[in-house]
Structures are given as C-alpha cells and as structure tokens.
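Trainee: Questions regarding the structure given below will be posed in turn.
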Amino acid sequence: MAFSLAELQRIIYDTYDRRDRSRGVEGTFVWLMEEIGELATTLRGGTQREREEEFADVLAWLATLANIVEVDLEKAVQAKYGSGCPGCKQIPCVCDRAEKP
Ligand SMILES: [Zn+2]
C-alpha cells in the first residue's frame, strides 16, 4: 500500500499539531536533531528494526517541522527531486564528483 508524504504530513498534523505549534520551530528543530543523533547511533550498531524506527522518527519530526512552517513536503520534494538530480537534471546523476561527492 502506497503511503505518500502528503498523507504522512496530514497524519502528523492531525495527531500533534496543537502540541507542535506550542513547542515552536526552535524546540521542534532540537527534537529533529536529537532523532538524527539516534539514527546515527543505530546506523553504527543497531538492528535493522531499530534503524527502521529511527528513520520513521526522523521523517515524522521533519514532517512536524514542515507543518509548523507551512511547507508542503510532497510539493517541495517533487519540485526539487521529482525529475532527478536538481543539478544536472539526470537520472542517475552525472554531476562532477567534485560538486556532489
Ligand atoms: Zn547531478
């Protein structure tokens, strides 16, 4: 079953919006960074299940932040990456390695 970024953002909104708005941008950004730290830890030594959970948390907190600042994630990602590499417009990317390692 497909699950879109728009659906994720809507579910996060419906579930947490009141709390998210009172926490604000800065507080939410700190939480996102904390989750990214936890993802880093699982990448170094976690189980695949733990990695899945941390990826889900990072995406959920990213969606939360997008909700607070009213960015449509699906629209933004599609506009930037929907046709392949934003630099060279190719799939796969053919940018010089010096530009995009
Ligand atoms: Zn490229």
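Trainee: Please tell me if residue 34 is exposed (fewer than 15 other Cβ atoms within 10 Å of the Cβ), within 17 Å of the chain's Cα centre (by Cα) and part of a helix (DSSP H, G or I).
Mentor: Taking the combined requirement at face value, the residue satisfies it.
Trainee: Okay, moving on. Looking for whichever is open to solvent by 40 Å² or more (accessible area, probe 1.4 Å) and touching a Lys or Arg at 6+ places or on another chain (Cβ under 9 Å) here; the options are 45, 87, 82. Which one fits?
Mentor: 87
Trainee: Also: Being surrounded by fewer than 15 Cβ atoms within 10 Å (Cβ to Cβ), within 19 Å of residue 35 (Cα to Cα) and over 10 Å from the mean Cα position of the chain (by Cα) narrows it down to one residue among 70, 52; which is it? Lay out the reasoning, then the answer.
Mentor: Numbers: 70 fails: within 19 Å of residue 35 (Cα to Cα).
Unique residue meeting the criteria: 52.
Trainee: Looking at (1) within 16 Å of the ligand (Cβ to nearest atom); (2) surrounded by 11 or more Cβ atoms within 10 Å (Cβ to Cβ), which is the only condition residue 92 fails?
Mentor: (2)
Trainee: Condition check: small (Gly, Ala, Ser), without any contact (Cβ under 8 Å) to a residue 24 or more places away in the chain, in a helix (DSSP H, G or I) and more than 16 Å from the ligand (Cβ to nearest atom). Does residue 76 satisfy that?
Mentor: yes
Trainee: Those residues that are not in a helix (DSSP H, G or I) and not polar (S, T, N, Q), I need them from the range 37-73; list them, please.
Mentor: 46, 69, 70, 71, 72 - these are the residues of the range 37-73 that are not in a helix (DSSP H, G or I) and not polar (S, T, N, Q).
The values are calculated or read from the model by the stated rules, or taken from the named source; none is laboratory data. Just so we're clear, the structure is a prediction, and the values are computed from it rather than from any experiment. Neighbour counts are summed over all protein chains in view; Cβ atoms, including those assigned to glycine, are modelled from backbone coordinates with ideal geometry. Quick note on the areas: whole protein, heavy atoms, side chains included, nothing else; ligands and nucleic acids left out. Shrake-Rupley method; radii C 1.70, N 1.55, O 1.52, S 1.80 Å.
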